[in-house]
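Worksheet: one structure, shown below.
The values are calculated or read from the model by the stated rules, or taken from the named source; none is laboratory data. The model shown is predicted, which means the values in this text are computed figures rather than measured ones. No Cβ is skipped: glycine too gets one built from the backbone with ideal geometry, and neighbour counts run over all protein chains shown. What goes into the accessible areas is simple: the full protein's heavy atoms, side chains included, and nothing from ligands, DNA or RNA. Shrake-Rupley method; radii C 1.70, N 1.55, O 1.52, S 1.80 Å.
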Amino acid sequence: MPTNRREFITNSAKAIAGVYAASVGFSATSYARIIGANDRVRVGVVGFSDRFRHSLLPCFMNHFKQQNFDMVAVSDLWKTRREEGVALLKEKMGHDITACRNNEELYALKNIDAVMISTADFQHARHAIEAIKAGCDAYVEKPFAETMEDNRAALKAVRASDRIVQIGSQRRSGSNYMAADKFIREGKFGAITMVELTWNVNQPGRWRRPALVASLKKEDTDWNRFLLNRPFEAWDPRKYLEYRLFWPYSSGIPGQWMSHQIDTVHWFSGLKHPRSVVANGGIYMWKDGRRNWDTLTAVFDYGPANDASTGFQVTFGSRMHNGEERPAEIYYSNGGELNLITNKVSAKGGLTENFAAAMNMPPNLLPELNLADTTSQVVASANTGGDTLTSSHVLNWMECIRSRKQPNAPVEAGYYHSIANIMTTAASRTGEKAVFDEKSQEVMVDNKIFKY
């Protein structure tokens, strides 16, 4: 196969794009980017993480033959993970895999069409920018960004390109979530009055890697490159491998779990971000040196920025102790509830017929409706093993790379869930109400821009 296959495909498409593009409704540039049905899409791995190994890779394996995709290279700063990635992918794909010490080496190969990014939380947006600059499509794990500086830069880079970027908000590829969105958007549910979100996980070792931390040596990785644009700190293997416990490398609970659930609020309501957020919590159980809370409750005000008379409240609660792995998402209107645990719409809690008659108004009771089968239920365990939602999401990304259509979770989904996450981080770290300035696109606390 020629090393400049992408250039060959592009030039071939350009030769006929002028004749064909007008008839199908997209530009010659977009048409030139389409990869032919018989052309293999070569994928690089950015970060051979647990998330990639146990979730993204199994999902990729579900579809790569049918979609004619291939894994060809692994970029990881840590020698151990890089070697593990090469060995596993060589076994899975049946051919040699190129080992890259960093993303610069990966993109210098010039034969990578797309990448799957599953690095540390604070790196996602920056690594997405690198992929875009290299001309690659990207699957980018959430949270998309942990600071507004990174968030704005990544949004700008993606929008200025014609690359396909799928944010790892896999609920957007779930049949039950799609059914819920359709039901609400069609006006059948009525105005949303309240949303209750819960995500409790009682796993003492969640986000801890003591054995792995003990095996990590500074000389086997690149600490300075890992830090990217974060303030310099002395070498700390815990922050490298257990980054979810340490701000500013991760917001912890908001970025890992809340980002999924708050994204559905934006999706179903059509609103981009909260008007305000307050938060409370602390480190109540796990006194292990972490900076990020193990317990969080956040309260959001949602509604039009220019009309305070309308809107609804969202509550998010999460604890990393005494909780079963059953994320809850319940939407309320005055007619009933839309419950994404049971995948049912019902009149539960809605205005009763007797009370409505006394008030001389219609009861507005919702019909009993099953949104979808239960195969799209959320998996909350650390290693999902290629769950249905993520598998469908990876497939959607693959299909969009070929069609050049926007994926189910485009960059805007990541940008807006990141605003909500950063507002929550600002509220929790300052103890003040966080708001969002539309003009500057900054998260504000006490009339000041929130920083590290």
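Residues of segment 291-313 that are in a strand (DSSP E or B), among the aliphatic types (A, V, I, L, M) and either open to solvent by 60 Å² or more (accessible area, probe 1.4 Å) or under 14 Å from W257 (Cβ atoms) (or both): L296, A298. If you filter segment 219-249 down to residues that are surrounded by fewer than 17 Cβ atoms within 10 Å (Cβ to Cβ), part of a helix (DSSP H, G or I) and touching a residue at least 24 places away in the same chain (Cβ under 8 Å), you find that the one that is farthest from the chain's Cα centre (by Cα) is D220. Counting only residues that are open to solvent by 50 Å² or more (accessible area, probe 1.4 Å) and out of contact with any helix residue (DSSP H, G or I) (no Cβ under 6 Å at 6 or more places or on another chain), segment 40-79 holds 6 of them. Hey, does segment 270-278 have a residue that's assigned to a helix (DSSP H, G or I) and buried (at least 19 other Cβ atoms within 10 Å of the Cβ)? Checking segment 270-278: not a single residue is assigned to a helix (DSSP H, G or I) and buried (at least 19 other Cβ atoms within 10 Å of the Cβ).
Quick grid of which residues meet (1) part of a helix (DSSP H, G or I); (2) over 13 Å from V411 (Cα atoms); (3) among the charged types (D, E, K, R); (4) in contact with a strand residue (DSSP E or B) (Cβ under 7 Å, 6 or more places away or on another chain):
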site	(1), (2), (3), (4)
A154	yes, no, no, no
A157	yes, no, no, no
R172	yes, no, yes, no
N176	yes, yes, no, no
A180	yes, yes, no, yes
V195	no, yes, no, yes
V201	no, yes, no, no
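At least 1 residues being closer than 20 Å to P407 by Cα, without any contact (Cβ under 8 Å) to a residue 60 or more places away in the chain and more than 23 Å from the chain's Cα centre (by Cα) is the threshold, and among the helices (runs of 4 or more DSSP H) wholly inside segment 48-144 those reaching it are 57-67. If you go through segment 250-259 and keep only what is buried (at least 24 other Cβ atoms within 10 Å of the Cβ) and either among the β-branched types (V, I, T) or closer than 24 Å to G303 by Cα (or both), you end up with I253, P254, G255, M258, S259.
Look at (1) surrounded by 14 or more Cβ atoms within 10 Å (Cβ to Cβ); (2) charged (D, E, K, R); (3) outside any loop (DSSP other than H, G, I, E, B) and you find that R206 fails only one, number (3). One residue stands out among those in segment 409-452 that are among the hydroxyl-bearing types (S, T, Y) and within 30 Å of S173 (Cα to Cα): the one that is surrounded by the most Cβ atoms within 10 Å (Cβ to Cβ), which is S418. Residue count for segment 401-427 under the criterion of being over 17 Å from the mean Cα position of the chain (by Cα) and over 16 Å from D301 (Cβ atoms): the result is 5. Can you tell me how many residues within segment 338-348 are within 14 Å of T198 (Cβ to Cβ) and either open to solvent by less than 20 Å² (accessible area, probe 1.4 Å) or touching a residue at least 24 places away in the same chain (Cβ under 8 Å) (or both)? Residues in segment 338-348 being within 14 Å of T198 (Cβ to Cβ) and either open to solvent by less than 20 Å² (accessible area, probe 1.4 Å) or touching a residue at least 24 places away in the same chain (Cβ under 8 Å) (or both): 2 in total. Among the residues of segment 30-39, is any within 24 Å of R402 (Cα to Cα), open to solvent by less than 40 Å² (accessible area, probe 1.4 Å), touching a helix residue (DSSP H, G or I) at 6+ places or on another chain (Cβ under 8 Å) and at pLDDT 95 or above? Scanning segment 30-39 turns up no residue that is within 24 Å of R402 (Cα to Cα), open to solvent by less than 40 Å² (accessible area, probe 1.4 Å), touching a helix residue (DSSP H, G or I) at 6+ places or on another chain (Cβ under 8 Å) and at pLDDT 95 or above.
In segment 263-292, the residues that are under 16 Å from G317 (Cα atoms) reach residues that are of a type in the set (S, T, N, Q) and open to solvent by less than 20 Å² (accessible area, probe 1.4 Å) with C-beta atoms within less than 6 angstrom, at least six apart or across chains, in these pairs: D263/S169; V277/T424; A279/T424.
All conditions in (1) in contact (Cβ under 8 Å) with a residue 40 or more places away in the chain; (2) under 24 Å from S391 (Cβ atoms); (3) not in a helix (DSSP H, G or I) hold for R163, with the sole exception of (1).
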